Amino acid sequence: MKALHPIHLLVLLALVAFGCDAAPEATPEAATPDFRPNILWLVAEDQSPNLPMFGDSTVATPRLSQLAAEGVRYTHVFSPSGVCAPSRAALATGMYPTHIAANHMRTGPWFGPNIPPEVIARAAQFMPPGITPYEAVPPPEAKLHSEYLRRAGYYTTNNAKNDYQFRVPVTAWDENGSDAHWRNRAPGQPFFAIFNFDVTHESQIWQRADDSLWVDPDLDVPVPPYLPDTEVGRRDIRRMYSNIKIMDTQVGDVLDQLEADGLLDSTIVVWYTDHGGPLPRQKRLVYDSGLRVPMIIRFPNQAQAGAVDDQLISFIDFMPTLLSLAGIEPPDHVDGQAFLGPYAASPRTYIHAAADRFDERYDTIRAVRDHQFKYLRNYAPDQGYYLPVAYREQMPIMQELLRLRDAGELDEYQAQWFRTEKPEEELFDTEADPHELHNLAADPAYADKLAELRAENERWTAAINDTGLRPEPELMAALWPEGEQPVTEAPVAEQQDGQVALHSATDGASIGYQLLQANETPGATWQVYTEPITLEVGEQLVALAHRIGYLPSEQVMVDGL
């Protein structure tokens, strides 16, 4: 067996050391069939590392600061996209959005199993001409992270965002909605739970504009050099920090529930954000301001409390790491690699990211970053960086930037985003130039680094068969032949000796089922089919199949003989 990194060993030893309530037979190599740690993801939206434990002391965040003091801070964590739906697709599948056709923001309003036609029609208004809402269609082997854990006996809950670029299969969650909670599981059952905090979302800058601030209205806030240092700009930045404080309190409420249930030291708590900051030239961009996120992990018994881990981590690594910590070997098809647990890989050399369509506006940018340098390849150099996305232009600070632009009053750095064209290649020293304002691509002193990262970008885009490098209509035609979404084949049932075996002819389909008594109707929770089911006389089995990106099958009914 490969030697474990010290932090991996300490974490797994901590799982062993829970005491009598855990499993004393557990070994450092893996979780045992009798014990799996609970895993809790606390996900804030649209935030860069603007927190005291990451070097920004503008506001106090007592609950996150306590979590960091008791856990490990991860300083080099990156989304593969500067916007939510592609990022969440990566988190859930362990695959790059540009690998699974989930890179355009957005493909459609896929927030549940049954999407009303009027919702689809409304979403179409934000698509380019000729592009109608569609679902991303990952390769057949792709499954949501939670399904793997359900198969291993975990109780999985999602409260409550499902923004994956495809509708959620019924096999994904035990509970999925605003009431979803680990408290509804069977006694002693391990859980994987997600709680989402949208108070820090971009929209809350303008939607909460008239609310009371949780910070001093005259608070001296840091203004990035690419944003306007005016009263309008500072007011929106104060609102951002105010929202961070509200989020901190909300996170504390969930942690209080965990502690009240006596679960804090049998749970791995992961807090992070779904991509970078909410402000202009942050969200949707592949600068670090759009990609780099803060992350804190509190391990049971406060293992490695106060430590800092600076390894490069991508969102595609979260799914395999989740499985690894649960003692499940990650599947071979994922793009990511575990950074903790018995299946942890060697640290990364690079992270990768992409920006493509946002609403009705197209761009094509790819990014490669190592610990110090960021390379950008602009595939549409004849257009500028700034895309007039109507949603973002509701924000007063965005309106202020446009006002200053039109008045010719932007300074050198503020004006960069509004250039009418961009170079094919850019290179930034993120340590010396954290805001990525000084392009080094033409500097001979950096020719070797430019060549290295250029080659890595070419290798990566070819290796994943980058879907964003194809025209979207062509991509849609490949995913939905003749404009029709493929449909999952219904399960076929075979009964023998009181057992029912199910299979679907659709490659990659998962099957969900329910066992019903006489006159009982199907409920909201479907079990994941893994092996033949015993069906008693008088019982009825209802099943359906669903491959991600396809329409779910019709339900089939089987009566006990």
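Remarks
- Flag for Glu472 being touching a residue at least 60 places away in the same chain (Cβ under 8 Å), closer than 22 Å to Arg361 by Cα and not assigned by TED's automatic domain parsing to the domain that holds Ala545: yes
- Just one of the numbered conditions (1) assigned to a loop (DSSP other than H, G, I, E, B); (2) farther than 14 Å from Asp335 by Cα; (3) in contact with a Gly (Cβ under 7 Å, 6 or more places away or on another chain); (4) not assigned by TED's automatic domain parsing to the domain that holds Gly277 is not true of Ala123: (1).
- In the stretch 546-558, of all residues being in contact with a Leu (Cβ under 8 Å, 6 or more places away or on another chain) and touching a residue at least 24 places away in the same chain (Cβ under 8 Å), the one that is surrounded by the fewest Cβ atoms within 10 Å (Cβ to Cβ) corresponds to Glu554.
- Options Asp229, Asp236; residue that is of a type in the set (Asp, Glu) and either over 30 Å from Glu400 (Cα atoms) or out of contact with any Pro (no Cβ under 8 Å at 6 or more places or on another chain) (or both): Asp229
- Of all the residues in the stretch 147-189, those that are hydroxyl-bearing (Ser, Thr, Tyr), crowded, with 17+ Cβ neighbours inside 10 Å and part of a loop (DSSP other than H, G, I, E, B) number 3.
- Any hit, the stretch 309-317, residues being charged (D, E, K, R) and on the phi > 0 side of the Ramachandran plot: no
Conditions (1) at pLDDT 95 or above; (2) outside the structural domain of Gly327 (by TED's automatic domain parsing); (3) hydrophobic (A, V, I, L, M, F, W, C); (4) within 26 Å of His275 (Cβ to Cβ), marked per residue:
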| site | (1), (2), (3), (4) |
| --- | --- |
| Val170 | yes, no, yes, no |
| Asp174 | yes, no, no, no |
| Asp179 | yes, no, no, no |
| Asn184 | yes, no, no, no |
| Phe192 | yes, no, yes, yes |
| Phe195 | yes, no, yes, yes |
| Ser203 | yes, no, no, yes |
| Trp206 | yes, no, yes, yes |
| Leu213 | yes, no, yes, yes |
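- If you go through the stretch 85-123 and pick out every residue that is buried (at least 24 other Cβ atoms within 10 Å of the Cβ) and out of contact with any Pro (no Cβ under 9 Å at 6 or more places or on another chain), you end up with 3.
- Residue within the stretch 215-226 that is within 26 Å of Thr75 (Cα to Cα) and not in a loop (DSSP other than H, G, I, E, B) present: no
- Contact map, the stretch 204-219: first residue closer than 11 Å to Asp236 by Cβ, second residue polar (S, T, N, Q) and not in a loop (DSSP other than H, G, I, E, B), Cβ cut-off under 6 Å, separation 6 or more or different chains; pairs are Gln204/Asn243; Trp206/Gln394.
- Top-ranked residue of the stretch 496-547 - restricted to ones that are of a type in the set (A, V, I, L, M, F, W, C) and touching a Lys or Arg at 6+ places or on another chain (Cβ under 7 Å), ranked as farthest from Trp173 (Cα to Cα): Ala509
The values are calculated or read from the model by the stated rules, or taken from the named source; none is laboratory data. Predicted model only: the values in this text are computed from it and were never measured. Heads up, the Cβs are rebuilt from the backbone with ideal geometry, glycines too, and the neighbour counts pull from every protein chain shown.
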